[in-house]
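What follows draws every value from the coordinates through simple rules; no lab data is involved. From a predicted model like this one, the values you see are computed outputs, not experimental measurements. So basically every Cβ, Gly included, is an ideal-geometry build from the backbone, and we count neighbours across all protein chains shown.
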Amino acid sequence: MSRTAAGVSPLRARAAELLGRPASRAGLALPFPASAASSAEVLVAGTSFYPPMLDDIASASSSVHINQFGFKPGVVGNAFASALVAKAAEGVDVRLVVDNVGSAPEKTSRAHYRRLTDGGVTVCVNRASSPRAAVGPLGARAAKGWNLAALGHVDHRKVVVVDGAIGWVGGAGIEDHFNDGRFHDLFVRLTGPVVSQLQLVFVASFRWLGGEIPASALDDLFPPLEAGDGAIPAAVRHNAPGYRPITAEIARMFDEATETLDVVNPYVTDRGMIRRLERAARRGVSVRLFTPADGNNWACSAAQQFHHERLLAAGVSIQEYPTMLHAKAFVRDGSELLAGTCNLDAWSLKRFFEIDVQLWSAEVAAQFDDRFTVPALAVSSPGRAATGLKERAMTAAFATISPLL
């Protein structure tokens, strides 16, 4: 990890700036150079990723930071709440950023969040649906002010950072339907210098929402991390208002693919990205699109199906997973993986907060293929184009309004 002349990493120095003054929306644009991971593990399905995630939280000695769109009560949510309260009771700093749309901390999940805050967890809420909102931790009774900078910018990210040394990025909420098979998703567990990039994104978001972090915590939040032998080139990409590096990286991967391109996404409605997929297939790239057979957003599913005819004609292999495939991942030429929270719809690509990790590694791509792609192919069925006048008219109508879905 690079260091400044004073021996302080640029990421830690940037964090110190954020702690010294109120964060602005512009300050959420954090461009990251290529870094490295010392390990990267793809874990598919809640039964595979929740237990080790809870183990990592249980091992925390200084901090647990979670940025989560969907954290609600239930078997899984209660297990995580118990783990976080237990760590806070040990004196570990536990900080949480959630979205009011995805987690409802001041509505249906109120008791769940009262348990967390009463147990010593500091919770900040992104209130993207509120024109006026308080700034600061949940329960602080701060006065409301205009919230126009955040309005419409839902925080869709799912990240866990433990002791500044272990990072998790994926597409699943902390909710039961990701654990019982109804929703199929994945997380990537990371160690090494790239984790500091995840940490800086969290610190910036927490400060923007009015959370306080003492400067004395920076050494623990940004420990020296070495990639070691076998380092994996890696970088964090995150979309924030007016700043869209994930969108740019997805487009680049589609345009630069020369041999293979696997796309895993539940909401594929953006015409520009769909045209890029079509062009990749027509220039001879083997393109596979994994999507749910019966999506949870029927309007998006209808809009996507409108494009199936052209994609199939171009040679794209559309694979429909039998349950709600919720994962978001892209693999180019068996050597580059981008995975996290970004969907191929207008909301994710242009409006929401999103976060992905990018890894340049044939070994990690092969791991993804073994753990996700091969099992998914075994149970998926071929996608089809819309047929019949009524279905074609309906899909065309929803495709027309897809930027609003």
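As I understand it, the value is the acute angle between the Cα axis of helix 46-58 and the longest principal axis of the Cα atoms of the chain; what does it come to in degrees, rounded to 10? The two axes meet at around 10 degrees.
Placing R0 at 30 angstrom, the Cβ-Cβ distance between ALA140 and SER59 gives a FRET efficiency of 0.50 after rounding to 0.05. A protection proxy built from the mean count of other Cβ atoms within 10 Å ranks the segments 163-171, 128-136, most packed first, as 163-171, 128-136. For region 266-314 versus region 112-191, the spacing of their alpha-carbon centroids is 30 Å.
Taking region 29-180 on its own, what percent of its Cα-Cα pair distances exceed 29 Å?
Summing the P(r) tail past 29 Å for region 29-180 gives 17 percent.
Counted over the chain, the DSSP beta bridges are approximately 65% antiparallel.
How much net charge surrounds LEU377 when only the other residues with a Cβ under 13 Å from the Cβ of LEU377 are counted, with Lys and Arg +1 and Asp and Glu -1?
-2
Using a simple spin-label model with pseudo-atoms 7 Å out from Cα toward Cβ, VAL75 and ALA366 lie 3.6 nm apart. Annotation for ARG384 and GLU212: the two label points, set 7 Å from Cα along the Cα-Cβ direction, are 6.1 nm apart. Principal axis extents of the C-alpha atoms in region 351-405 (largest first, rounded to whole Å): 46, 33, 13. Distant-in-sequence amide contacts of PHE353, defined by a placed amide H-H separation under 5 Å and a gap of 5 or more residues or a different chain, comprise VAL154, ASP155, HIS156.
Structure note, pairs LYS107/LYS144; LYS158/LYS350; LYS72/LYS107; LYS87/LYS144: Cα-Cα distances above 22 angstrom occur for LYS87/LYS144. Taking 1.002 mPa s as the viscosity and 20 °C as the temperature, the Stokes-Einstein diffusion coefficient of region 173-303 based on its alpha-carbon Kirkwood radius rounds to 117 µm²/s.
Per-residue packing, averaged as other Cβ atoms within 10 Å, sorts the ranges 345-355, 287-297 into the order 345-355, 287-297, beginning with the highest.
Computed over neighbours whose Cβ is under 12 Å from that of LYS158, the net charge equals -4, Lys and Arg +1, Asp and Glu -1. Computed from the C-beta positions of ALA248 and ARG25, the FRET efficiency with R₀ = 22 Å rounds to 0.70. Size check on region 44-101: the Cα extents along the three principal axes, sorted descending, read 29, 27, 17 Å.
Taking other residues whose beta carbon is less than 15 angstrom from the beta carbon of ALA86, and scoring Lys, Arg as +1 and Asp, Glu as -1, yields -3. Computed from the C-alpha gyration tensor, the three semi-axes of the ellipsoid equivalent to region 259-405 are 24, 17, 14 Å, from longest to shortest.
Working note: Debye formula, equal point scatterers on the alpha-carbon atoms of region 226-297, no solvent; log10 I(q)/I(0) at q = 0.14, 0.24, 0.28 Å⁻¹ is -0.59, -1.14, -1.26. For region 204-251, the Stokes-Einstein estimate of translational diffusion at 25 °C and a viscosity of 0.890 mPa s comes to 173 µm²/s, using the Kirkwood hydrodynamic radius over alpha-carbon pairs. FRET efficiency for the GLU309 to GLU106 pair, using the beta carbon distance and R₀ = 56 Å, is estimated at 0.80.
Around the amide H of GLY383, modelled in the peptide plane, lie the amide H atoms of ILE318, GLN319, GLU320, all under 5 Å away and 5 or more residues distant in sequence or on another chain.
Region 1-93: D in µm²/s via Stokes-Einstein (Kirkwood Rh, Cα pairs, 10 °C, 1.306 mPa s)? Working shown, then result.
Details: Rh = 16.5 Å.
It diffuses with D of about 96 µm²/s by this estimate.
In percent, rounded to a whole number, the relative contact order of the chain is 19, using alpha-carbon pairs under 8 Å and six or more apart.
For region 96-252, how big is Rg over Rh, using alpha carbon atoms and the Kirkwood form of Rh? The partial results should precede the final answer.
Numbers: Rg = 16.8 Å, Rh = 17.3 Å.
Across region 96-252, the Cα-based Rg/Rh ratio is 0.97.
Of all DSSP beta bridges located in region 196-339, what percent are antiparallel, nearest 5?
Working: 9 of 19 bridges.
Percent antiparallel among DSSP bridges in region 196-339 is about 45.
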